[in-house]
C-alpha cells in the first residue's frame with residue numbers, strides 16, 4: 001500500500017479559497033456570521049498547529065505525565081466550553097456537568113484502551129487521539145442536550161407552575177424534559193451510525209486508511225470508537241441532567257430557577 005501523500009504549504013493554502021465560497025453564500029443569505037466564520041477558521045488553524053507541535057514532542061517523548069497532562073487539558077477545555085454556554089445554571093448543576101463529563105469520559109477511555117485494544121493506557125498514540133474524539137463528541141452532545149433542556153423549561157414555565165399548584169411533584173414535572181433532551185443529544189450520533197459506511201467514511205477510519213492501515217482493521221476501530229462515543233455521550237448527558245434537574249427545586253418542592 002502506498003504511503004500517504006504529503007501536502008506542501010502552498011497547496012495546503014488553496015483550501016482556504018473554499019471559505020470564500022462559504023462567505024459569499026452567507027452574504028447572499030444575509031447571515032450575520034461572517035465574523036464568526038473568519039475567527040473560527042483562524043482559531044482552528046492556530047489551535048491545530050499548536051496541537052501538532054505538542055503532539056510531535058509528546059510522541060517523540062512518550063512519558064505518561066505528558067499524556068495525562070494533555071488529556072487533562074482536553075477535559076478542562078471541554079468543561080469550559082459547555083459551562084460557558086450555560087452560565088445561567090446554578091453552581092451545583094455545573095458541578096454535576098463537569099463531574100459526569102470527566103468520569104464517564106475517562107472511564108470509557110480506560111475501558112477502550114486497556115480491554116478493547118489491550119494497549120498501555122499511557123501510550124500517547126492511542127490515548128490522545130481517542131480522548132480527543134470522545135471528549136469532542138461529549139462536548140457537542142452535552143451542549144445540545146442542555147440547550148434543549150433549558151429551552152423546553154423556558155417554553156413550558158407557566159405550565160410547570162400550574163402543574164405544581166395543582167399538586168404535581170417537581171421531579172415528575174421535570175423528568176420528561178430530561179428524557180426529551182437526552183434523545184435530542186443522542187440523535188446526531190445515532191444518525192451518524194445509521195449512515196456510516198454507506199453515506200460516509202468517518203474520520204478515524206479514513207485517517208487510518210490514509211496512513212496505510214488495512215481497511216478491515218480500520219473498520220473494527222471505527223465500530224468500536226462509535227459505540228464508545230455513543231455510550232459516553234449517553235452517560236454524560238443523562239448523568240448531568242438527571243442529577244442537575246434535582247437542583248432546580250428546593251426542599252419545599254418549589255422551583256428555584
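Worth a mention:
- The set of residues in region 118-132 being touching a helix residue (DSSP H, G or I) at 6+ places or on another chain (Cβ under 7 Å) and touching a residue at least 40 places away in the same chain (Cβ under 8 Å) consists of 122, 124, 125, 127, 128, 130, 131, 132.
- Selection status of residue 247, modelled with pLDDT of 85 or more and closer than 26 Å to residue 137 by Cα: yes
- Residue within region 29-42 that is within 29 Å of residue 224 (Cα to Cα) and assigned to a helix (DSSP H, G or I) present: no
- Residue selected from region 149-163 under the condition surrounded by fewer than 17 Cβ atoms within 10 Å (Cβ to Cβ) and farther than 20 Å from residue 237 by Cβ, by the criterion nearest to the chain's Cα centre (by Cα): 157
- Unique residue being within 30 Å of residue 252 (Cα to Cα), surrounded by 13 or more Cβ atoms within 10 Å (Cβ to Cβ) and either modelled with pLDDT under 90 or assigned by TED's automatic domain parsing to the domain that holds residue 82 (or both) when the list is 186, 146: 146
- Residue that is farthest from residue 151 (Cα to Cα), among those in region 78-99 that are in contact (Cβ under 8 Å) with a residue 12 or more places away in the chain, over 16 Å from the mean Cα position of the chain (by Cα) and assigned to a loop (DSSP other than H, G, I, E, B): 90
The values are calculated or read from the model by the stated rules, or taken from the named source; none is laboratory data. These numbers were taken from a predicted model, which means no experiment stands behind them. Virtual Cβ from ideal backbone geometry, glycine too; neighbours counted across all protein chains shown.
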